[in-house]
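Chemist: The structure is given below, and queries will be raised subsequently.
Read-outs: derived from the displayed coordinates by stated rules, not from any lab. No experiment lies behind these values; they were computed from the predicted model shown. Quick reminder, even Gly has a Cβ in these numbers, built from the backbone with ideal geometry, and neighbours come from all protein chains shown.
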Amino acid sequence: MLQTLRSAGCRFGRHARIALFVVFLPAVAACGEEVEGPAPPEPGPPAVYVVADAGGRHSCGATENGAVFCWGAGESGRLGRGNEQSSLQPVRAASSRTLVQVTAGTAHTCAVADDGAALCWGAGEDGRLGTGALQNRATPALVGGSIVFAQVDAGGNHSCGVDSDGLGYCWGMGDLGQLGNGLVTDRTTPALVDDQLRFREISAGRSHSCGLATDDAAFCWGSGEFGQLGSGNTNSRLVPTLVVDGLTFVQLSAGSEHTCGVTTDNEIFCWGAGSRGRLGTGNTIDRLRPQQISEELENLEWSQVSAGELHTCGVTVNGAAYCWGAGESGRLGTGNEFDRLEPVPVLGGLEFARVSAGASHTCGVTTEGAAFCWGLGEEGQLGAGTPLNRLTPARVLSS
């Protein structure tokens with residue numbers, strides 16, 4: 001925590017807040033006299049994270065003891081701390097519940113409690129918080145409908161989730177069919193996606209959504225402008241539509257304008273917008289149907305993938321992280337800002353359990369429960385205590 005000391009009319013200016021490198025220097029009075037301040041508090045033990053999720057300009061993580069911490073831009077209350085202040089390091093979301101999962105969207109956040117209650121906070125436009133209203137919420141608010149959720153995901157302007165029976169629900173903006181209920185209207189409370197389908201998970205992108213059915217088939221709905229539905233064309237769909245080619249998946253991730261998934265054979269396939277190399281296929285061509293990532297990496301077995309705005313990251317079964325696509329601000333973790341058309345290793349030698357690709361940054365949790373972020377850091381979304389960009393993974397500070 002940054003200390004601001006005032007003595008003999010001396011004051012640290014507003015730019016002192018960028019000194020959050022957790023380096024504490026003695027204050028100096030205007031007359032040049034050194035002023036001794038109280039010793040800084042000892043940092044607490046590092047949190048053990050089970051997930052760290054990268055959103056638009058903020059990030060959040062859930063710890064093994066059921067607490068949720070967020071960091072970065074605070075507008076609309078997306079950090080859940082009760083105000084709109086931004087933070088360069090983790091701050092705890094104001095909830096007394098035990099939260100077992102958290103997901104950071106573009107400007108809002110959602111979580112699932114251990115009793116299956118879903119809570120959302122941040123920007124409330126279009127009903128994306130699911131509270132039955134459009135107001136922003138600066139602290140976690142219950143999603144309406146008394147649904148017992150197993151999983152939720154916060155997207156661009158909408159959210160989706162799966163209940164304990166495998167039924168899918170979405171809420172928020174529905175103008176392009178991204179809610180999957182056959183309509184193009186917004187919903188302020190959860191709307192049933194399809195009562196005939198049972199899902200393991202649903203991933204909410206910018207204007208589309210994809211769900212993994214219990215039989216491992218992939219379905220997508222919403223905007224199909226770039227082929228992100230994987231249906232073989234660019235038509236938008238108002239209800240879940242089967243992804244073509246008969247692939248079976250263990251995990252899916254809907255990004256801004258593309259989608260990726262890990263198959264039951266531990267391969268990664270991507271489809272949709274290919275600009276900047278985000279599909280990992282060695283070129284920038286849009287794909288209307290699933291395309292396996294670079295053939296040069298066919299010997300790798302994958303466990304997880306995350307599709308962001310203009311980049312994508314994945315983790316192998318051995319815990320190695322790779323990223324590809326747009327490289328500005330260091331979001332690929334390769335030590336530079338070059339775009340990559342094929343997966344390249346994230347530097348640092350860390351063993352990851354999972355990674356999350358956001359708008360212009362990436363976060364991940366190691367197998368030991370440490371959270372790291374890299375890429376754009378100007379609003380504190382890396383949680384490293386400084387607004388600097390990072391070209392390689394930086395440890396998220398203790399709260």
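Chemist: Based on the alpha-carbon gyration tensor of the stretch 107-213 and its eigenvalue square roots a ≥ b ≥ c, which shape applies: rounded if a/c is under 1.5, prolate if not and a/b is larger than b/c, or oblate?
Modeler: In terms of gyration-tensor shape, oblate.
Chemist: Using the crude model of +1 on Lys and Arg Cβ and -1 on Asp and Glu Cβ, and no other charge, please compute the dipole size for the chain relative to its Cα centre, in debye to 20.
Modeler: Dipole about the Cα centre, nearest 20: 1040 debye.
Chemist: Hey, another quick one. Could you check the simple spin-label distance between residue 183 and residue 245, using points 7 Å along Cα→Cβ, in nm with one decimal?
Modeler: 3.5
Chemist: Rounded to two decimals, what is Rg over Rh for the stretch 271-317 when you use alpha-carbon atoms and the Kirkwood radius?
Modeler: My calculation puts Rg/Rh at 0.95.
Chemist: Take the alpha-carbon centre of the stretch 379-399, take the same for the stretch 187-226, and report the distance between them in whole Å.
Modeler: Value for the Cα centre distance between the two parts: 32 Å.
Chemist: Continuing with the same structure: Highest mean first, how do 328-334, 252-258 rank when packing is the count of other Cβ atoms within 10 Å averaged over residues?
Modeler: The packing order, highest mean first, is 252-258, 328-334.
Chemist: Would you please classify the overall shape of the stretch 214-310 from the alpha carbon gyration tensor, given that a ≥ b ≥ c denote the square roots of the eigenvalues, rounded means a/c under 1.5, and beyond that prolate means a/b larger than b/c while oblate covers the rest? Kindly include the intermediate steps, with their values, before the conclusion.
Modeler: Values: a/c = 1.82, a/b = 1.16, b/c = 1.57.
Here the stretch 214-310 falls in the oblate category.
Chemist: Let me ask something else about it. Charges on Cβ only, +1 for Lys and Arg, -1 for Asp and Glu, centred on the Cα centroid of the chain; of 100, 139, 299, which one is farthest towards the dipole's positive end?
Modeler: Looking along the dipole axis, the top candidate is 139.
Chemist: Using 0.36 nm per residue of separation minus the Cα-Cα distance, give me the extension gain between residue 195 and residue 289 in nm, one decimal.
Modeler: So the extension gain works out to 31.3 nm.
Chemist: Something else about it: Relative contact order of the chain, please, whole-number percent, based on alpha carbon pairs below 8 angstrom and at least 6 residues apart.
Modeler: 13
Chemist: Mind running the shape call on the stretch 240-390? Use the C-alpha gyration tensor, a ≥ b ≥ c as the square roots of the eigenvalues: rounded below 1.5 for a/c, prolate if a/b tops b/c, oblate otherwise.
Modeler: It is prolate, given that a/c is not under 1.5 and a/b is the larger ratio.
Chemist: Provide 356, 303 in ascending order of the number of other Cβ atoms located within 10 Å of each residue's Cβ, fewest first.
Modeler: In order of increasing Cβ crowding within 10 Å: 303, 356.
Chemist: To the nearest 0.05, what FRET efficiency results for residue 135 and residue 317 with a Förster distance of 45 Å applied to their C-beta separation?
Modeler: So the FRET efficiency works out to roughly 0.55.
Chemist: Using Cα pairs under 8 angstrom and six or more residues apart, how large is the relative contact order of the stretch 263-399, in percent? Please list the in-between numbers first.
Modeler: Values: 399 pairs, mean separation 25.9, N = 137.
The normalised contact order for the stretch 263-399 reaches 19 percent.
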